[in-house]
Amino acid sequence: MHELSIAESLVAIIKEEMDKHDVTRLMKVKVKYGQISAIVPEALETAFQALTQGTRMEGAKLETEEIPLRARCRSCGKEFSPQGDDLYIMTCPFCQTEFGHEIVSGKELYIEEIEAE
Ligand SMILES: [Zn+2]
């Protein structure tokens, strides 16, 4: 359950942004998270709702979008999207190298959009 601490950071960032822009009501937040960031969107949503209850962020819609995993082969240097559930063995479709690839995307977590008025 690291979603709670993530939701806490999100709420802190949103609060700061809202103060900066002098808005009073949060409408929507869009969060993008990587496929291997181990985020459960439903858990994040629940935590967000719990944390924003009774604040000016209450009732805001939390939208989440997954960023697919992309890796760059350590051997041939080509980028690919690893298939299957086993994220520890990612076989390069071009040269069949299995380990040591660089993760290009899929680990990140950030706010893409804040809508408030
Ligand atoms: Zn390769």
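What follows is calculated from the coordinates using simple rules that are stated; it is not laboratory data. Everything quoted here is computed from the prediction, not taken from an experiment. Please note: Cβ atoms are built from the backbone with ideal geometry, for glycine as well, and neighbour counts cover all protein chains shown.
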Matching entry among 52, 91 (being among the polar types (S, T, N, Q) and under 30 Å from residue 115 (Cα atoms)): 52
In segment 47-70, is there at least one residue being within 16 Å of the ligand (Cβ to nearest atom) and either of a type outside the set (Phe, Trp, Tyr) or closer than 20 Å to residue 16 by Cβ (or both)? yes
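Here's the yes/no breakdown for (1) in contact with a Ser or Thr (Cβ under 8 Å, 6 or more places away or on another chain); (2) touching a residue at least 24 places away in the same chain (Cβ under 8 Å):
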| residue | (1), (2) |
| --- | --- |
| 60 | yes, yes |
| 64 | no, yes |
| 73 | yes, yes |
| 90 | no, no |
| 96 | no, no |
| 101 | no, yes |
| 106 | yes, yes |
| 110 | no, yes |
Of all residues in segment 1-28, count the ones that are among the β-branched types (Val, Ile, Thr) and not in a helix (DSSP H, G or I). 2
Please enumerate the residues belonging to segment 73-93 that are within 16 Å of the ligand (Cβ to nearest atom) and under 30 Å from residue 5 (Cβ atoms). 81, 82, 89, 90
Could you tell me whether segment 8-20 includes any residue that is in contact (Cβ under 8 Å) with a residue 40 or more places away in the chain and polar (S, T, N, Q)? no
Conditions (1) touching a strand residue (DSSP E or B) at 6+ places or on another chain (Cβ under 6 Å); (2) in contact (Cβ under 8 Å) with a residue 24 or more places away in the chain; number of the one not met by residue 117: (1)
Can you give me the number of residues within segment 64-75 that are under 16 Å from residue 111 (Cα atoms) and surrounded by 15 or more Cβ atoms within 10 Å (Cβ to Cβ)? 2
If I ask for residues that are in contact with a strand residue (DSSP E or B) (Cβ under 7 Å, 6 or more places away or on another chain) and within 16 Å of the ligand (Cβ to nearest atom), which ones from segment 95-111 would you list? 101, 102, 103, 104
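What number of residues within segment 30-48 are of a type in the set (A, V, I, L, M, F, W, C), surrounded by 16 or more Cβ atoms within 10 Å (Cβ to Cβ) and in a loop (DSSP other than H, G, I, E, B)?
Final tally of qualifying residues: 2.
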I'm trying to understand the selection: among the residues of segment 71-117, which are out of contact with any Asp or Glu (no Cβ under 9 Å at 6 or more places or on another chain), part of a strand (DSSP E or B) and among the small types (Gly, Ala, Ser)? 105
Test residue 27 against the criterion of being under 21 Å from residue 115 (Cβ atoms) and touching a residue at least 60 places away in the same chain (Cβ under 8 Å), and give yes or no. yes
